[in-house]
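The values are calculated or read from the model by the stated rules, or taken from the named source; none is laboratory data. None of the values given here were measured: they were computed from a predicted structure. Here the Cβ positions follow ideal geometry from the backbone for every residue, glycine too, while neighbour counts run over all protein chains shown.
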């Protein structure tokens, strides 16, 4: 199994965590070149995520500098270079790759993500009023459990994402590349959870925006049962089938406005 695709969820999560923190904390000047733009962790960002990292081992050799290693991981994820080409000022590329994998398995990235979402929610940056959902295909040439041939006969992994109106991720799941979008809908809607200091976590969106791939009566009925408004595009194939019951809800203005959030996120 290709670990690069196993850890896609957590790899992308780091970038999204940094994106939220940039909204919470004013950024500092960035390094620029003709080929890429990269920003290291600011002191404020580092102090924010430091309490959520695992403690240094009591016995044996200590870990390499966490801040340098995370900057190295961010550099690779931002520029798309190989781990071997990661600048030496961030340490060993092998160390960075191992740290990414280890913290994916022990839940460190998940812990940082949850804390960041909580802070963003309390500051009004993340809201559940309108949630947009969609999926994107990731190439997986080396195979894996979730890899399957899509309609173009290419090995892909499908990543399902739900974002808020500001384009920040609320729920992320991976699935088979050949799996239809609607088959993962219930699972990753249930995965929306923002923990707050007091009371139950916030899990219920006010409105769900999705394209015509999610135009399914089971999905619409499930949202109606949860008392969630649906704003889903109508699939032309379904228009040929006689419809019985309530008319499907679709508001084009709201759809276009919020649909752009998920499109920008996936791009």
Residues (crowded, with 17+ Cβ neighbours inside 10 Å, farther than 30 Å from residue 202 by Cβ and either at pLDDT 75 or above or in contact with a helix residue (DSSP H, G or I) (Cβ under 9 Å, 6 or more places away or on another chain) (or both)) located in the range 145-177: 147
Boolean, residue 109 is over 17 Å from the mean Cα position of the chain (by Cα), surrounded by 16 or more Cβ atoms within 10 Å (Cβ to Cβ) and either modelled with pLDDT of 90 or more or assigned to a helix (DSSP H, G or I) (or both): no
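Could you tell me whether residue 58 is assigned by TED's automatic domain parsing to the domain that holds residue 116, over 22 Å from the mean Cα position of the chain (by Cα) and exposed (fewer than 13 other Cβ atoms within 10 Å of the Cβ)?
So residue 58 fits the description; yes.
Conditions (1) touching a residue at least 24 places away in the same chain (Cβ under 8 Å); (2) buried (at least 18 other Cβ atoms within 10 Å of the Cβ); (3) not assigned by TED's automatic domain parsing to the domain that holds residue 111, marked per residue:
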site	(1), (2), (3)
188	yes, yes, yes
192	yes, yes, yes
200	no, no, yes
204	yes, no, yes
208	yes, yes, yes
213	yes, no, yes
220	yes, yes, yes
225	no, no, yes
228	yes, no, yes
Filter pass, residue 91 being in the same structural domain as residue 40 (by TED's automatic domain parsing) and either modelled with pLDDT under 85 or in contact with a helix residue (DSSP H, G or I) (Cβ under 7 Å, 6 or more places away or on another chain) (or both): yes
Hits in the range 124-144 (condition: modelled with pLDDT of 85 or more and over 17 Å from the mean Cα position of the chain (by Cα)): 129
Members of the range 61-106 that are outside any helix (DSSP H, G or I) and surrounded by fewer than 18 Cβ atoms within 10 Å (Cβ to Cβ): 61, 62, 63, 64, 65, 80, 81, 82, 87, 91, 92, 106
